[in-house]
Amino acid sequence: MVRSSGLSRWRLPSRRRKFVVQEELEMPESATLGPIYRSRVLQRYFPSSDMELFDEDEEEKRCGVFDCLLGCWDAITNALLDLLAAVFVFNAMQSAHTLLALLVSAGSITFYHLYDGGRMSVRLDWQFVSFAVIFPLTYFIGEGYKRRDFALQQLANIKSLSIWIYLAHRDWDVAKGKSKDHKSKVLKRLQFMIADMAAYFAIPRVYTRNYFYGGWRGKRTALWIETSRLRLTARITNSLKMLSTYCEDLKVAGLPTNEAARLNQYNMLISSAFFKMINVKNYRTPQGIRSFARFYVIIMPVFYGPYFSWVSQETGSFAFALCLGLMGTLTLVGLLNVAINMEDPLESAGVDSVRVVSELEGLQKLLLDDRNFEDELDAAMIAEEVPLQ
């Protein structure tokens, strides 16, 4: 179900949508939940005042003119809110490149309009812009999103493998019995490793200016970043070594060889996922293409000023030509800002970045939470004397 914004009631899915029913799955009756049990579960997790909306007959009776008008109002409101959110995101994507490019564009258009009575005005072709600026920008925007999706896949692997490593050490039986503190040691080591991973991915990226034109301060920043990376990588590697040692302790205690091999495979896979994310963090899209696009976005308005001066003469409005030129420049520099923000998909400050620190903090909480929600729900059903049909 989808809850419409601004309303306190729940909307049912479309009646045209076909769902797989129990008869199609050929499930035995004993494997399904009874209607009373299902109603109790729904009342536990959804507002009780909205339960009547699950009645399809009542939903058909409500489909009147008022609901149609209310649905139209919701659609208009959501469209306006989406537009307002887009404006806020557009403003958040701007940077110092935007101001610099707009100043260069405005100065170029004004100069060619006033110089020698506008004799340098000429209609130019925009084909050069398409391959000198648009192609590099679209190329490494696409590459940036590919790297982001790849980082998300590896982050999901880290989360899944961390949980299963902990469950293996907690639940797998051994012949001689595990030590009393074995589970706590594994959990503590996983917590330390995840915290170090979050700290590594929170390190700011190294810009080209830090190496070439940063001076003493920029080089010191680059040195601090490299030192922090090496230190955290060593700590994470040490945690992986300790997890391997804990696996060997289980083998000594009687863990079967095939299960020990599987547990070691979990350790290998989580280390592989982490080092793949390190590559995404430390290595960028081609520096030459990025520099090429950044240079031409700023310089291009200087050479296309005569075109907008020609537009001013043809339309008789300098203000229109100036606004048109500024809008074109704003479009190009907007693409540049999007590409720059996607250079480090693990930097949590970006609009489209992976919130890797918060995701790993959530993973830590999941590992610490050993509650059994199924037992809690069954206890609640028994307390309310609800038969499990």
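The values are calculated or read from the model by the stated rules, or taken from the named source; none is laboratory data. All figures in this text were calculated on a predicted structure; none of them were measured in a lab. Counting neighbours? That spans all protein chains shown, and the Cβs are built from the backbone with ideal geometry, glycine included. In case anyone asks, the SASA skips ligands and DNA or RNA and just uses the protein heavy atoms, side chains included. Shrake-Rupley method; radii C 1.70, N 1.55, O 1.52, S 1.80 Å.
Distance from the C-alpha centroid of segment 163-177 to that of segment 249-304: 29 Å, rounded to the whole angstrom.
Scoring 359-365, 294-300 by mean Cβ neighbours within 10 Å over their residues and listing the highest first yields 294-300, 359-365. Values of log10 I(q)/I(0) for segment 215-293 across q = 0.16 Å⁻¹ run -0.77, by the Debye formula with one identical scatterer at each alpha carbon and no solvent.
These residues, T233, T221, T331, T98, go from largest to smallest accessible area, 1.4 Å probe, as T331, T221, T233, T98. For K146, the lysines whose Cα comes closer than 27 Å to its Cα, not counting residues fewer than 8 places off in the same chain, are K159, K276, K281.
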